[in-house]
């Protein structure tokens with residue numbers, strides 16, 4: 001059996017992300033999302049819609065651990081009432097891995113643990129412990145050396161699966177992440193559940209094919225026994241070409257039919273092993 005998790009990051013980031021995730025659940029193949037806990041409030045757009053959907057279907061809810069956006073939940077966070085991103089100049093962050101590793105090395109381990117525990121507890125309070133399937137992270141911060149052990153510690157503490165880490169590249173002008181292909185083996189050696197791989201193909205633009213055809217090519221490469229996460233950032237605004245394009249992929253009829261024809265079962269992180 002081949003099992004695929006179609007996941008949408010960043011619930012609670014904005015109404016566009018929330019609407020994209022909602023539409024991809026209702027009209028497409030999305031089976032999982034993760035919540036930016038420090039951004040969620042009782043007034044979060046479409047929050048009640050997601051709660052209602054949980055009563056009808058087996059949507060997976062993850063905690064999108066976050067140290068770079070919005071207001072910390074931990075009142076004693078050193079930068080005060082907002083998180084800060086590494087190496088920001090003229091409003092743009094420096095996406096080199098070395099800059100982010102240096103930033104992570106200067107964070108207090110105790111502060112990080114306090115903050116991330118509060119984020120996990122917030123999502124549990126909103127959705128219920130039995131609906132939380134896994135942990136992942138915003139800007140893949142848990143891929144950074146000083147934060148990786150905390151990621152594993154929290155997985156054990158809350159008995160949750162982990163998304164494979166995806167370190168930044170050193171020479172990228174923009175945010176370019178590369179999945180750690182050895183993560184699954186390392187996680188399982190430590191008794192932590194995860195998926196066999198995470199596919200982060202933005203737009204699914206290949207050299208010869210784009211959009212649905214490129215995504216279907218990836219699905220055709222799946223092997224029996226694999227559980228793979230296909231990661232998306234769907235959004236409802238046409239002006240955001242990237243996120244609108246991912247919503248279109250998740251609701252594309254050709255993709256939906258290919259999943260059926262290939263015998264791929266749509267699951268969430270409860271199937272991590």
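The values are calculated or read from the model by the stated rules, or taken from the named source; none is laboratory data. Bear in mind the structure is a predicted one, so any value in this text is a computation, not a measurement. Reconstructed Cβ throughout: ideal geometry from the backbone, glycine too, with neighbour counts over all protein chains shown.
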Listed residues 251, 178, 210; which is at pLDDT 95 or above and surrounded by 12 or more Cβ atoms within 10 Å (Cβ to Cβ)? 251
Filter the stretch 18-49 down to the residues that are part of a helix (DSSP H, G or I), more than 30 Å from residue 261 (Cβ to Cβ) and touching a strand residue (DSSP E or B) at 6+ places or on another chain (Cβ under 8 Å) and list them by number. 18, 37
Output the number of residues of the stretch 144-175 satisfying the condition of being modelled with pLDDT under 95 and not in a loop (DSSP other than H, G, I, E, B). 1
Can you confirm whether residue 73 is touching a helix residue (DSSP H, G or I) at 6+ places or on another chain (Cβ under 6 Å), buried (at least 19 other Cβ atoms within 10 Å of the Cβ) and part of a loop (DSSP other than H, G, I, E, B)? no
Matching entry among 148, 117 (being more than 20 Å from residue 9 (Cβ to Cβ) and within 18 Å of the chain's Cα centre (by Cα)): 117
Regarding the stretch 174-183, can at least one residue be identified that is within 26 Å of residue 224 (Cβ to Cβ) and in contact with a helix residue (DSSP H, G or I) (Cβ under 8 Å, 6 or more places away or on another chain)? yes
Filtering the stretch 1-35 for residues that are more than 28 Å from residue 219 (Cα to Cα) and in contact with a helix residue (DSSP H, G or I) (Cβ under 8 Å, 6 or more places away or on another chain) leaves a count of 2
Which one is surrounded by the fewest Cβ atoms within 10 Å (Cβ to Cβ) among residues in the stretch 50-70 that are within 19 Å of the chain's Cα centre (by Cα), on the phi < 0 side of the Ramachandran plot and in a loop (DSSP other than H, G, I, E, B)? 58
In the stretch 220-234, residue nearest to residue 34 (Cα to Cα) [restricted to those that are crowded, with 19+ Cβ neighbours inside 10 Å and over 14 Å from the mean Cα position of the chain (by Cα)]: 227
Return the residues of the stretch 106-143 that are at positive phi, part of a helix (DSSP H, G or I) and either in contact with a strand residue (DSSP E or B) (Cβ under 8 Å, 6 or more places away or on another chain) or surrounded by fewer than 20 Cβ atoms within 10 Å (Cβ to Cβ) (or both); say none if nothing qualifies. 140
